[in-house]
Structure formats: structure tokens, C-alpha cells
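The values are calculated or read from the model by the stated rules, or taken from the named source; none is laboratory data. Keep in mind it's a predicted model, so treat the numbers as computed, not measured. Cβ: placed from backbone, ideal geometry, glycine included. Neighbour counts: every protein chain shown.
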Amino acid sequence: MSYYVFGSELTDPYVFEALKKKRIGGYTLNGKEVEEEKKKAKYPEYLGSFKLEDEEKYNNFENPDGAKNDKGHLGSSDFRHLFPSSAKFSTFDLSPNFGTEIDGIQLSQLDDDGKNDLALYLEKRGLVIFRNQDLKDKGPGFSKKFGEYFGPLHIHPVSYSAEDYPELLVTYRKAGGSERYDAQFQERTSAAAWHSDISFERYPASFSFFVALETPESGGDTVFIDTREAYRRLSPPFRKFLETLTVIHTNYYQNKGAQLNNLPAKIKKDYFTEHPLVRTHPVTGEKSLFYSRTFIQRVKGFKKSESDAILNFLEQHVLSNPEIQVRATHRGSDSGTVIAWDNRIVLHTAILDFLQHDTSARHHYRITVLGEKPYILNSENEAASYGHSNGHSNGHSNGHLNGHSDRHPNGHSNGHSNGRSNGI
Ligand SMILES: [Fe+2]
């Protein structure tokens with residue numbers, strides 16, 4: 001069975017024209033409608049129009065020292081700066097394996113040590129839902145600075161962004177009712193688009209901070225998949241085979257979709273980027289399946305039928321197992337929720353379960369931090385030379401660590417401080 005390349009229907013001129021006529025959507029909003037929508041938005045400063053003179057201004061995002069500079073190396077094993085003994089907070093693990101909800105810790109108040117702990121915590125737990133956050137109220141400049149602590153920030157090729165802050169990607173779905181549902185599902189049965197943010201970049205994202213501005217009272221959640229556990233569930237020989245594969249990621253169809261919806265382009269380029277299918281985490285040493293469904297085209301160097309067979313298997317294996325998924329809810333339209341995650345070990349998709357109801361807009365901005373160029377360390381010797389020896393010696397142990405535990409694989413900081421200069 002051939003593999004369905006996500007969005008590939010948009011290359012059919014007939015389909016493209018037909019969709020354009022219908023402007024099939026509930027997508028987000030038409031790029032021409034931004035000024036009009038700004039009048040309705042609760043946080044208009046986070047809904048900017050793109051200036052044509054900026055076209056092609058933002059290119060070539062790089063982070064060659066990303067693995068070495070990852071702030072998780074500096075995190076404390078007991079997370080005492082993220083959870084100081086004086087703080088009153090509560091935590092709830094969405095599953096024992098990954099995902100935690102935290103109330104009572106204010107992201108905007110974290111000092112550098114707190115941010116280092118946060119990086120490591122995200123690298124352990126995969127994602128965290130922070131409630132009652134004031135990040136959005138401090139203005140776009142504060143969020144930009146907050147994100148920059150963790151690394152260079154990405155500017156999305158095609159998206160809305162905050163006014164004068166292209167680093168703050170904006171997702172905006174209009175308020176409305178069932179007409180949105182009819183439009184969205186006229187041609188499809190599901191709107192799920194599983195991905196790891198910007199995996200088409202040479203230096204894809206490490207952390208994303210997804211800040212809720214306005215959300216439906218219920219619904220519009222984000223669901224996550226633990227790609228470390230997806231990797232661990234496979235048999236050793238099959239893992240070994242997958243570790244030899246390189247896959248091609250592209251934003252080609254995303255660009256087509258943006259064009260259809262009059263979304264502004266900051267960078268018009270179509271990227272075709274090679275990444276290993278299995279990657280090693282620069283801090284924990286854990287391996288994960290870097291299966292960014294929406295952006296993956298094919299397996300490099302394989303005949304199409306072979307590539308299709310592998311990608312079809314991965315689709316079924318990674319995306320169809322509720323045991324490795326958790327759901328990050330908003331809890332009301334003004335919960336001050338910030339969802340943060342590590343794109344190297346989780347996939348996610350927005351959930352469009354509210355379109356048939358009368359709801360407010362779904363409006364977020366995202367701070368996207370560039371990570372390292374994905375790499376895989378295949379042998380124990382190779383791993384040891386990069387300071388991953390403990391993380392790899394028992395393979396599974398990191399993933400099973402609860403983020404609250406003080407057990408922490410040794411050897412990260414030492415091993416990494418001298419091991420990253422060869423371009424990995
Ligand atoms: Fe995303």
C-alpha cells in the first residue's frame with residue numbers, strides 16, 4: 001500500500017483550485033483578514049500582519065553548538081531551582097511515563113538556575129502543562145527574552161506572528177460555530193497532523209512554549225506521543241535496522257497550504273532536509289523515533305515501495321497506541337495555560353473537536369527554540385565517548401524516571417562539555 005504523504009493532495013492543480021474556491025478551512029484565518037480579526041481578538045498585540053518588505057529576510061537558522069549548549073546540561077538532578085522548598089505548588093503526572101501538570105510555579109519568575117532545571121525537567125518528562133501563567137501579560141518582548149535563554153529562536157517560514165515579534169509564531173482559529181466544522185471536514189475525516197515542530201529545518205526545535213491567549217471553554221487541546229517509548233517497544237534487531245535509516249523532511253506541502261490560505265510568507269523556500277529516523281538526545285542520551293509524520297516524505301535511498309512499507313508501519317506503530325499518548329487540556333477559556341515540550345522526544349497535534357460548537361477563538365503564540373542537528377550514536381563505545389554511557393547502559397532507565405525523582409544519570413555535563421566540537 002502506498003504511503004500517503006501529508007498534504008500531497010495540494011499538488012493536484014484541480015484539487016488546489018477547488019479548495020481555493022471553497023477556501024476550505026476553519027484552517028486558521030485568511031491572511032487578508034488579519035486586521036479585521038485583530039479588532040475582535042482579546043490579545044491583538046499577538047496577531048500581527050506580515051510586512052511585505054520583510055519577505056526573505058529570515059533565512060538560514062543555525063545552531064551548530066546546540067547539543068553542547070543545551071541548558072539541560074546545567075539542570076540540577078533534584079530540580080530544586082524549579083521547585084524551591086519555599087514554593088507552594090502542585091504537580092500531577094498525566095501518565096507515569098511522561099507529561100506533568102504543574103500549578104503554582106510562575107515561569108516568568110524563574111531565574112537562570114530555574115530555567116536550567118526546567119530544560120532538564122522537560123527532557124525527562126517530555127511535556128509540562130503550566131497553569132495560571134502571566135507570561136502573556138508581560139508583553140511579547142518578555143516572552144522573546146525568556147525563550148532566548150534556551151537558545152536561538154526560530155522564525156517560521158509561513159505563519160502569523162506577534163506584532164513586530166516574528167519570533168513569536170501565532171496560531172489563530174476564528175471564533176464561530178458549526179460552519180467551521182462543515183468547512184474543515186468537508187473533504188476529510190480527521191484534522192490530526194502529528195509532528196515535531198519545524199522538523200524540516202536543519203536544526204529543528206528543542207523546546208516549544210505554547211502560550212494560550214484565548215481558547216474554547218472546552219476542547220482545542222493538544223495531544224502528545226512519547227517517541228522514546230515508541231522506540232523502546234520495538235525489538236532490538238528492528239531498532240538496529242531503523243537506526244540505519246535517513247528520512248527526508250519537507251515543508252513543501254505546508255507552503256502549498258499557506259499559499260492556499262493567503263498566509264504570509266517570511267521565507268518562501270521549500271526545504272528537503274535529511275535527518276536520522278532514530279536520534280540520540282544530547283542530554284539524557286536516550287534514543288527516540290524522530291517520526292514527524294506531517295513533514296516526512298520518504299526514506300532516503302530506498303525504492304518507493306520499500307519506503308512506503310516502512311513509513312506505513314511507523315504510522316501505525318507510533319500514532320495508533322493510546323498507551324504512549326497524553327492529552328494537554330486548557331481548562332477553560334482563560335486558564336493562563338502554557339504547554340512546554342521537548343520536540344526531540346514527543347510528537348503532538350492540535351485537536352479540532354470544538355468546531356461544531358459556538359466558541360471563542362483559539363489563539364496561541366509559540367516560542368520555538370532551535371535545537372541541535374539531529375544525530376544518532378549507534379554503539380556503546382560511541383555513546384560513551386559522548387558522555388552518554390550511563391544513559392545507554394540500561395537503555396530504558398531514563399524514560400522510566402519520573403521527573404520528580406532525584407535519580408539522574410551521571411556523566412552528562414562532563415561528557416558533553418568536550419564532546420560536541422565535531423559537528424554532531
Ligand atoms: Fe506544532
**Message:** Any residue in the range 224-237 that is surrounded by fewer than 20 Cβ atoms within 10 Å (Cβ to Cβ) sitting within a Cβ distance under 6 Å of a residue that is part of a loop (DSSP other than H, G, I, E, B)? List the pairs, counting only those 6 or more apart or interchain.
**Reply:** Arg232/His396
**Complete:** For His154, the lone unmet condition from (1) of a type outside the set (Gly, Ala, Ser); (2) surrounded by fewer than 21 Cβ atoms within 10 Å (Cβ to Cβ); (3) within 13 Å of the ligand (Cβ to nearest atom); (4) more than 25 Å from Gln325 (Cα to Cα) is (2)
**Prompt:** Residue check: is Val158 β-branched (Val, Ile, Thr) and at pLDDT 95 or above?
**Reply:** no
**Fill in**
Of the residues in the range 53-98, those that are touching a residue at least 24 places away in the same chain (Cβ under 8 Å) and either of a type in the set (S, T, N, Q) or not in a loop (DSSP other than H, G, I, E, B) (or both) number 17
**Asked** Out of (1) in a loop (DSSP other than H, G, I, E, B); (2) touching a helix residue (DSSP H, G or I) at 6+ places or on another chain (Cβ under 6 Å), what's the single condition that is false for Gly220?
**Response** (2)
**Asked** Can you find even one residue in the range 227-234 that is within 16 Å of the ligand (Cβ to nearest atom) and part of a loop (DSSP other than H, G, I, E, B)?
**Response** no
**Complete:** When the range 107-123 is checked residue by residue, the ones that are within 18 Å of Ser90 (Cβ to Cβ) and surrounded by fewer than 16 Cβ atoms within 10 Å (Cβ to Cβ) are Gln109
**strands (runs of 3 or more DSSP E) enclosed by the range 264-379 - at least 3 residues per element that are in contact with a Phe, Trp or Tyr (Cβ under 9 Å, 6 or more places away or on another chain), under 30 Å from Lys57 (Cβ atoms) and away from the ligand (no atom under 16 Å from the Cβ)** = 272-276
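A quick yes/no check of all residues on (1) of a type in the set (Val, Ile, Thr); (2) farther than 25 Å from Gln254 by Cβ; (3) surrounded by fewer than 21 Cβ atoms within 10 Å (Cβ to Cβ):
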residue	(1), (2), (3)
Phe79	no, yes, no
Lys138	no, yes, yes
Gly141	no, yes, yes
Phe146	no, yes, yes
Tyr181	no, no, yes
**Prompt:** Yes or no: Gln259 within 16 Å of the ligand (Cβ to nearest atom) and part of a helix (DSSP H, G or I)?
**Reply:** no
**Message:** Out of everything in the range 268-312 that is crowded, with 20+ Cβ neighbours inside 10 Å and small (Gly, Ala, Ser), what residue ends up being farthest from Ala205 (Cα to Cα)?
**Reply:** Ser307
**Prompt:** Just one of Pro166, Pro204 is of a type outside the set (Gly, Ala, Ser) and away from the ligand (no atom under 16 Å from the Cβ); which is it?
**Reply:** Pro166
